[in-house]
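Let me begin by presenting the structure, written as structure tokens, before commenting on it.
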Amino acid sequence: MHVHETETLSETVAAPKVAIRSHAEAAAREAAERIATLAGAAISTRGRFSIALSGGDTPGPLYSLLATPAFASRMDWSRIDVFWGDERCVAPDHPESNFRMACARMLDHVPIAPGHVHRIQGEREPHEAAHAYERLLRSYFGAAEGPPERSFDLVLLGMGVDGHTASLFPDTPPVTETRRWVLESHASQPPVIWRVTLTPVVLDAADVVMILVTGASKAERLREALEDPTRSPPLPIQRIRPTHGALAWIVDAAAASWLRRARC
Ligand code: 6PG
């Protein structure tokens, strides 16, 4: 689909909820608290909790927190299914693997069965890995054709300094994909060029999208993402608009330091 340069997000978009915490650790703790609560609610109402993890550096402290007894003991890991929002096209034991990072910080330290950990096969050809993961997601969410009515209970996302999220990089086809749930993606910068990413088709169908952003390096882009809705073309992170669910930002003061509007 050709993205018209004049395309903007000019339609009225409810101001997203932004929680600002003093430091990255406090932001991670806020996210961990909400995840434990969301998991409990989903398991008691639907008998399971599905979460799509983000990669990169930001979520590391969050994953370590979730593995501590204070949080891990609150979560019924036998009813939790873990997925990824994106993966670098590397082996699962590669230093740049998002799967490897999540295992090292969390999954190797909690009682979750291997059958509940659904990694993207980064070692495969990107388009094959993307098709395989889409088949897996379609089977899990029971949607053989078309878009999902409902996808994950929670999608955790980060934001790059260029406004990318998952592996949806500015001015690349996956950003405006309207049919496929998972695509191969060509990153515009290191560490790993080829990626596999979920597209907005499945990300927007989540019950909750939680965007965790910390650090002064993100401040300028965060202001743009939150306070420039008419930006043309929109940043990839601005295109994440839950069809029915909630969108929540959790940021630290350093990342929020350019924001003009007071937030909670
Ligand atoms: C990835 C992530 C990506 C990440 C942003 C922010 O695979 O790199 O999924 O979308 O969230 O690039 O990365 P940092 O947290 O390292 O700044």
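Values in this text are rule-based calculations from the coordinates and carry no lab data. Keep in mind that what you see is a predicted model, and the values were worked out from it rather than measured. So basically every Cβ, Gly included, is an ideal-geometry build from the backbone, and we count neighbours across all protein chains shown.
Amide H contacts of Val155 (H built 1.01 Å from N, in plane; Pro and chain starts excluded): Ala52, Val208, Val209, Met210 sit under 5 Å, all sequence-distant by 5 or more or on other chains.
Under the convention that each Lys and Arg Cβ holds +1 and each Asp and Glu Cβ holds -1, the size of the dipole of the chain around its Cα centre is about 680 debye.
Helices meeting the span-like rule in the chain (full DSSP H runs, Cα extent of at least 24 Å along the helix axis, mean Kyte-Doolittle score of -1.0 or higher): 24-46. First select every other residue whose beta carbon is under 10 angstrom from the beta carbon of Ala206; then total the charges, Lys and Arg +1, Asp and Glu -1. Here the charged neighbours net out to -2. Taking a quarter of the surface of the convex hull around the Cα atoms of the range 73-149, what do you get in nm²? Computed as one quarter of the Cα hull surface, the answer is 5.9 nm². When Val208, Val202 are sorted by how many other C-beta atoms sit within 10 angstrom of their C-beta, beginning with the fewest, the order is Val208, Val202. Listing Leu212, Leu157, Leu235 from fewest to most neighbouring C-beta atoms within 10 Å gives Leu235, Leu212, Leu157. Backbone geometry of the range 241-256 corresponds, through the Karplus equation with coefficients 6.51, -1.76 and 1.60 at θ = phi - 60°, to 3J(HN,Hα) couplings of 10, x, 5, 9, x, 9, 10, 10, 9, 10, 10, 9, 4, 5, 5, 8 Hz, x marking Gly and Pro.
Each of Gly85, Ala36, Pro148 was placed along the dipole of the chain (beta-carbon charges, centred on the mean Cα), and the one lying farthest toward the positive end is Ala36. Note on Lys17 and Ser44: the extension gain reaches 7.2 nm, defined as 0.36 nm multiplied by sequence separation minus the Cα-Cα distance. On a per residue basis, the convex hull of the C-alpha atoms belonging to the chain measures out at 121 Å³. Principal axis extents of the C-alpha atoms in the range 27-158 (largest first, rounded to whole Å): 40, 35, 25.
Short-range pairs are left out: with C-alpha atoms under 8 Å and at least six residues apart, the relative contact order of the chain is 26 percent. For the range 192-198, the Karplus equation 6.51 cos²θ - 1.76 cosθ + 1.60, evaluated at θ = phi - 60°, returns couplings of 10, 5, 8, 10, 10, 9, 6 Hz by residue, with Gly and Pro reported as x.
In the range 138-264, the ratio of gyration radius to Kirkwood radius, Rg to Rh, stands at 0.97 when only Cα atoms are counted.
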